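Data block below; observations after.
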Amino acid sequence: MEINSKHPEKVETVLSIAGSDPSGGAGIQADLKTFVSIGVYGAAAITCLTAQNTRGVSAYLPVDPYFVRKQVELVLQDLFVTHIKIGMTGTEEIIKVIGDLLADFKGEVICDPVIRASDGHALLEKESVVCLCDHIINRATVLTPNLAELRIITGKACTDPNEAVQAGIALFDRFKGLRAVVIKGGHLEEETETVTDHLLAREGESGNIITKTASHKRVRTENTHGTGCTFASAFAAFHMLKGEYEQAFLNAVNFVDRLVNKSASLKFGTGCGPLAHHL
Ligand code: PLP
């Protein structure tokens, strides 16, 4: 490839602001693997260190909020960040620092509202969810909650898909900057053999909320650690490549579904395995 040093091409970047998972399945590690597999450049600022393996999260250590700010500021001052993906934040102080930094950011903000790991370990205290809403979700353009997160954020029971979609639609009134909400259907109607994910998106001119669905076969496997992080990162990466929400949604659903299928029969440890991004 010929390199034009007079007019080098700007490399659009997605910045993940999230926690570190040393077992490589979730958090920053999953995000960067996802960006590489999809073919976009990823940067990463760490909010918390976690100690965990496939058997679950044992503990987490928040990074000094001053240092979270420093990491993000230096990346934003220099690289061509068009998308920010936010995962585990850990504490209210860190949430406020991130919120502050987002106030001046003009690109897409994809928020995966990480509250609790699937093993039940809290990754953000429930009392801090209000702070997450006020400082980060309020400045997000895309929100990707799973059912449990949607229930906590909306206070609604969301016992069936219709209720979940109604709760999702109500989020657009509460958070004015939201353009799209993806409700991941893995924990909806768990007895059925099909999983249906929902995209709710605000239409440009009218502001009407349109809904789209994507269905795929349910894979019964324990190897789902980090699927939430992977989905939100895939959505950010595909949005960077395609420039619109519906295509990003369909591509991200397909990407995660293929990964879950590839990973289902692999053994990484003795607990709930991650996705095999390397395959
Ligand atoms: N660890 C980190 C750093 C995370 O960000 C997350 C989820 O977002 C988890 C652990 C939990 O992952 P899971 O619930 O998929 O096991």
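Where a number appears in this text, it was derived from the coordinates with a stated rule and is not lab data. All values reported here derive from a predicted model rather than from experimental measurement. Using ideal geometry, Cβ is built from the backbone for each residue, glycine included, and neighbour counts are taken over all protein chains shown.
For this structure, a couple of remarks:
- Couplings 3J(HN,Hα) for the stretch 135-144, derived from phi with the Karplus relation 6.51 cos²θ - 1.76 cosθ + 1.60 (θ = phi - 60°), are 9, 10, 4, 4, 10, 8, 9, 9, 10, 10 Hz, where x marks Gly and Pro.
- Centre-to-centre, using Cα atoms only, the stretch 12-80 and the stretch 125-160 are separated by 20 Å.
- Rounded to the nearest Hz, the phi-derived 3J(HN,Hα) couplings of the stretch 69-83 under the Karplus curve 6.51 cos²θ - 1.76 cosθ + 1.60 (θ = phi - 60°) are 4, 4, 4, 5, 4, 5, 5, 5, 5, 10, 7, 9, 7, 9, 9, where x marks glycine and proline.
- Per-residue HN-Hα couplings for the stretch 158-166 [Karplus 6.51, -1.76, 1.60; θ = phi - 60°; Hz; x = Gly/Pro]: 6, 7, 9, x, 4, 5, 5, 5, 4
- Net lengthening on full extension, Asp134/Ala157 (0.36 nm per residue, minus Cα-Cα): 6.1 nm
- Built amide H within the under 5 Å cut-off of Val63, gap 5+: Cys48, Leu49
- Cβ-derived FRET efficiency at R0 35 Å, Ile210 paired with Phe80, nearest 0.05: 0.70
- For the chain, the calculated P(r) over all alpha carbon pairs, in 10 Å bins from 0 to the bin holding the longest distance, is 7, 31, 38, 20, 4, 0 percent.
- Among Ala157, Ala26, Ala44, residue whose mean-square fluctuation peaks in a GNM of the chain (springs only between Cα atoms under 10 Å): Ala157
- Under-5 Å amide H pairs with Ile17, H placed in peptide plane, nonlocal only: Ala45, Lys85, Ile86, Gly87
- Interchain or long-range residues, amide H under 5 Å from Glu12's placed H: none
- At an R0 of 30 angstrom, the distance between the Cβ atoms of Ala51 and Thr221 translates into a FRET efficiency of 0.75.
- In the stretch 12-263, taking the dipole from charged Cβ atoms about the Cα centre, the farthest positive-side position among Ala236, Asn138, Gln71 is held by Ala236.
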